[in-house]
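The values are calculated or read from the model by the stated rules, or taken from the named source; none is laboratory data. Because the structure is predicted, anything quoted here is derived from the model rather than measured. Every residue, glycine as well, gets a Cβ built from its backbone with ideal geometry; the counts of neighbours run over all protein chains shown. All accessible areas refer to the heavy atoms of the entire protein, side chains included, with ligands and DNA or RNA removed. Shrake-Rupley method; radii C 1.70, N 1.55, O 1.52, S 1.80 Å.
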2 protein chains.
Amino acid sequence: MCRIVKEKFPNSEEDLETKVKTSYVQKEKQIIGKHIYGNLYGCDASFISNESALKNLVIEAAKAAKMTVWDTKAWKFGGVKGGVSALALILESHIAIHTWNEFRYATVDVFTCGDKSDPMLAFDYIVSRLKPKHVTKHFADRSSE
Amino acid sequence: MCRIVKEKFPNSEEDLETKVKTSYVQKEKQIIGKHIYGNLYGCDASFISNESALKNLVIEAAKAAKMTVWDTKAWKFGGVKGGVSALALILESHIAIHTWNEFRYATVDVFTCGDKSDPMLAFDYIVSRLKPKHVTKHFADRSSE
């Protein structure tokens, strides 16, 4: 029943942007799902441990991508591998940030639905605020057939 | 600041399973993040439009993957492109299902943290219940360095 499909990944930042922006011709009977995800290494230590700052960040990022926020949630976790999770729940999509303080590490997922919202804008906004030393960024097509 | 990294995707269902299970040697000072995501085409029409059934499904899937559920949320959306979103909020990770009734289409994300939980079990459990005609399944490494 399950078919494994290889993603075609772009080779550069520019290619990735072009792919996200131009590879979708809106079809009347299709769901356009765009998902940008990545890992942020060497983040701003004080920001990624701040629950309310991260909750605000997902709201601001959603606005940057023209997504309508339905609800937001954030939790702080203790311990050696503690950190914060912040989620923005959007109409048929979501933004998720998970952070680990001690590791100065964060993961970011921006999933948008429809052709009007641009997940890249939200992802890049989050990166600009968390100030990682480096980032991996991927695109996944989450559209219907 | 941003570095684009190509994911190496496995060629078969077996390869994907092996990759998820064996490619992680737990390091004391590392966050192990495993993310399985995919698109489900031709799902069971009555199941994917049922908000409470999908909310229960994310809870059951989390149990299947030995994830501890923190909170769950589900929303039903109307209109031509209406459907349901169901999220399980886990300790530093999440499960997200988005569905579109008319399209018999669903997307599934299972993000687990730590070496004890297995996102593949949760993903496969969800697929077994939504009964899609076919599925795309991908693995993303969300670990720290």
Exercise for the section: Provide the per-residue ³J(HN,Hα) series for the stretch A:54-70, in order, calculated from phi with Karplus coefficients 6.51, -1.76, 1.60 and θ = phi - 60°, each as a whole number of Hz, with x at glycine and proline positions. Expected result: 6, 5, 5, 4, 5, 5, 5, 5, 4, 4, 4, 9, 6, 9, 9, 6, 8
Exercise for the section: Quick one: with label points 7 Å out along Cα→Cβ, list the inter-copy distances for A:ASN56 in nm, shortest first? Expected result: 4.2
Handout entry: Carbon plus sulfur fraction of accessible area for the stretch B:83-145, probe 1.4 Å, in percent
Key = 52
Practice task
Starting from one equal scatterer on each C-alpha and no solvent at all, send me the Debye-based log10 I(q)/I(0) for the stretch B:43-145 at q = 0.09 Å⁻¹, two decimals.
Solution key: -0.21
Practice task
Starting from a label point 7 Å past Cα on the Cβ side, list the distances from A:LYS29 to the same position in the other copies, nm, shortest first.
Solution key: 5.7
Exercise for the section: Report, in debye and to the nearest 20, how large the dipole of the stretch A:23-145 comes out about its Cα centre when Lys and Arg carry +1 and Asp and Glu carry -1 on their Cβ. Expected result: 220
Problem - Listed residues A:TRP100, B:TRP75 arranged by accessible area, highest first, probe 1.4 Å - result: B:TRP75, A:TRP100
Fill in the blank from the handout: Given unit charges at Cβ for Lys, Arg (+) and Asp, Glu (-), the dipole magnitude of the stretch B:49-106 about its Cα centre in debye, nearest 20, is 80
Handout entry: Shortest-first nm distances, A:SER128 label point to equivalent points in other copies (7 Å, Cα→Cβ)
Key = 4.6
Problem - Interface burial for B against A (accessible surface, 1.4 Å probe, total of both chains, Å², rounded to 100) - result: 5400
Practice task
Provide the per-residue ³J(HN,Hα) series for the stretch B:117-133, in order, calculated from phi with Karplus coefficients 6.51, -1.76, 1.60 and θ = phi - 60°, each as a whole number of Hz, with x at glycine and proline positions.
Solution key: 9, 10, x, 4, 4, 5, 4, 5, 5, 4, 4, 4, 8, 8, 6, x, 6
Handout entry: Amide N proximity, the stretch A:27-47 versus A:ASP115 label position 7 Å along Cα-to-Cβ, cut-off under 13 Å
Key = A:27-33
Handout entry: Convex hull volume per residue for the stretch B:96-145, taking Cα atoms only, in Å³
Key = 81
Fill in the blank from the handout: Farthest towards the positive end of the dipole of the stretch B:81-138, among B:TYR125, B:CYS113, B:PHE103 and with Cβ unit charges of +1 on Lys and Arg and -1 on Asp and Glu, lies the Cα of B:PHE103
Problem - the stretch B:47-89 and the stretch B:109-145: distance between their alpha carbon centers, rounded to Å - result: 15
